[in-house]
Amino acid sequence: MQHLIGNSFYFHSQSTIGAYKIGNELILFDTGNDDSSIRKAIREFEHVSVIGVFNTHSHADHCGGNAYLSKQFGMPIFAPELEKSFIENPILEPTYLFSAFPPSSLQNKFLMAKPSMVTNAIYDETPIVIEFKDEVIKIQPICLKGHSPNQFAYITPDLIAYLGDALISTEMIEKHPLIFTFDVGEHIKSLNKLRTIDAKGYVIAHGGYFTQINDMIDSNLDALMRTQEIIISAIKNEKLTFDELHKKIAFTYKLTENLSQNLLNRSVIHAHVKYLLDLELVKPEIDQGILYLTK
């Protein structure tokens, strides 16, 4: 755990874990990929107890340690409404990607965390008060949906914002330019909303800690717009099926995919097409049972 300011910490790993420490007690923000991740994150604190967990969203690399912590400490788990259903029923993630009950190859740790019970659903941005001994801690939820159906960020009393996947580092975008999003329109709104957040520092899941994020916000918006432009250009002179469009995007971004990655990327492409359909920049056309996209 690296100390930031005040009582706020973060553990830099494949998926960052945040913490707010009061004495020997911790409030955690996301719990990493699995039991091992969360044990590594908290092992430096001797005789520590976890008194609360806040999940930003339901993707497996953000709630993978919930079940372990719940068994060890029995603490409350907070998560956004709707995301709660996926955390408690992880089979929903590969199910919606596959559009049917998923094959065993998709029922993996990458897509499915161990199920855990969310004790407190978050519905809005009302501050959450946690009373512990003589301490009263207020955690501020911030709705930043788009990357996932109902993602929330959390701001500690030290004004450290734990953003989950609401923002992706510029370095990560360079490696993976087709950034994952569930709803492009909401994602764009959330990225612009990030400019208005009053915080001294920002922790993002795949990148670490930053004190300035405006340039990174621009990089994220540019990445979304680039994918939009690729789709519009691809169907400018011909109608394409989703598979043909996916092939063109895979060629442009030099994607190498297994089944899980293919379905995740396909979901992203669907999200972009939905946004373009709403803007009436793309039209659907069905011919003999085949769905085409056209201008």
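The values are calculated or read from the model by the stated rules, or taken from the named source; none is laboratory data. The model shown is predicted, which means the values in this text are computed figures rather than measured ones. Because the Cβ atoms are built from the backbone with ideal geometry, glycine has one as well, and the counts that use them run over all protein chains shown. These accessible areas exclude ligands, DNA and RNA; they are computed on the full protein's heavy atoms, side chains included. Shrake-Rupley method; radii C 1.70, N 1.55, O 1.52, S 1.80 Å.
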Among (1) within 26 Å of Val282 (Cβ to Cβ); (2) in contact with a Leu (Cβ under 9 Å, 6 or more places away or on another chain); (3) surrounded by 20 or more Cβ atoms within 10 Å (Cβ to Cβ), Thr241 falls short only on (3)
Return yes or no: is Lys248 without any contact (Cβ under 8 Å) to a residue 40 or more places away in the chain and in contact with a strand residue (DSSP E or B) (Cβ under 8 Å, 6 or more places away or on another chain)?
yes
Taking the residues in region 42-57 that are modelled with pLDDT of 95 or more and not in a strand (DSSP E or B) as candidates, determine which candidate is farthest from the chain's Cα centre (by Cα).
Asn55
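Within region 190-204, take every residue that is under 16 Å from Thr156 (Cβ atoms) and not aromatic (Phe, Trp, Tyr) and give me the one that is surrounded by the fewest Cβ atoms within 10 Å (Cβ to Cβ). Break it down stepwise before answering.
Of the residues in region 190-204, the ones under 16 Å from Thr156 (Cβ atoms) are 197-204.
If we keep only those that are not aromatic (Phe, Trp, Tyr) as well, we get 197-201, 203-204.
On the way: Ile197: 17, Asp198: 8, Ala199: 20, Lys200: 15, Gly201: 19, Val203: 31, Ile204: 23.
The qualifying residue surrounded by the fewest Cβ atoms within 10 Å (Cβ to Cβ) is Asp198.
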Close pairs from region 29-46: first in contact (Cβ under 8 Å) with a residue 60 or more places away in the chain, partner of a type in the set (Phe, Trp, Tyr) and in a strand (DSSP E or B), Cβ under 8 Å, at least 6 apart
Phe29/Tyr20; Phe29/Phe54; Phe29/Tyr154; Phe29/Tyr162; Asp30/Phe54; Asp30/Tyr162
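Examine region 257-266 for a residue that is outside any helix (DSSP H, G or I), out of contact with any strand residue (DSSP E or B) (no Cβ under 9 Å at 6 or more places or on another chain) and in contact (Cβ under 8 Å) with a residue 12 or more places away in the chain, and state whether such a residue exists.
Start the filter on region 257-266 by keeping residues that are outside any helix (DSSP H, G or I), which leaves 257-258.
Keeping just the survivors that are out of contact with any strand residue (DSSP E or B) (no Cβ under 9 Å at 6 or more places or on another chain) gives 257-258.
After this cut, where a residue has to be in contact (Cβ under 8 Å) with a residue 12 or more places away in the chain as well, the list is none.
Within region 257-266 (the criterion being outside any helix (DSSP H, G or I), out of contact with any strand residue (DSSP E or B) (no Cβ under 9 Å at 6 or more places or on another chain) and in contact (Cβ under 8 Å) with a residue 12 or more places away in the chain), the answer is no, since none of the residues qualifies.
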Among the residues of region 267-295, the number that are in a helix (DSSP H, G or I), among the β-branched types (Val, Ile, Thr) and in contact with a strand residue (DSSP E or B) (Cβ under 9 Å, 6 or more places away or on another chain) is 1
Per the filter on region 166-189, residues among the β-branched types (Val, Ile, Thr) and either open to solvent by 40 Å² or more (accessible area, probe 1.4 Å) or closer than 25 Å to Phe251 by Cβ (or both) are Ile168, Thr170, Ile173, Ile179, Thr181, Val184
Quick test of your reading of the structure: Ser15 fulfils all but one of (1) modelled with pLDDT under 95; (2) open to solvent by 10 Å² or more (accessible area, probe 1.4 Å); (3) in contact with a helix residue (DSSP H, G or I) (Cβ under 7 Å, 6 or more places away or on another chain). Name the failing condition by number.
(2)
Only one of Asp158, Asp165 that is touching a residue at least 60 places away in the same chain (Cβ under 8 Å), touching a His at 6+ places or on another chain (Cβ under 7 Å) and either of a type in the set (A, V, I, L, M, F, W, C) or not in a helix (DSSP H, G or I) (or both):
Asp165
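Restricting to region 234-255, name every residue that is of a type in the set (S, T, N, Q) and modelled with pLDDT of 95 or more. Let's see the steps before the verdict.
Residues of region 234-255 of a type in the set (S, T, N, Q): 237, 241, 252.
Across region 234-255, the qualifying residues are Thr241, Thr252.
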Of all residues in region 1-25, which are assigned to a strand (DSSP E or B) and within 24 Å of the chain's Cα centre (by Cα)?
Gln2, His3, Ser8, Phe9, Tyr10, Phe11, Ile17, Gly18, Ala19, Tyr20, Lys21
Name, by its number, the condition in (1) under 26 Å from Ala199 (Cα atoms); (2) open to solvent by 60 Å² or more (accessible area, probe 1.4 Å) that does not hold for Asn55.
(2)
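Return the total of residues in region 46-91 being among the charged types (D, E, K, R) and under 21 Å from Leu26 (Cβ atoms).
3
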State which residue pairs qualify: first residue without any contact (Cβ under 8 Å) to a residue 60 or more places away in the chain and inside region 184-206, second residue in a helix (DSSP H, G or I) and crowded, with 22+ Cβ neighbours inside 10 Å in any location, beta carbons under 6 Å apart, and separation of 6 or more residues or different chains.
Leu191/Asn220
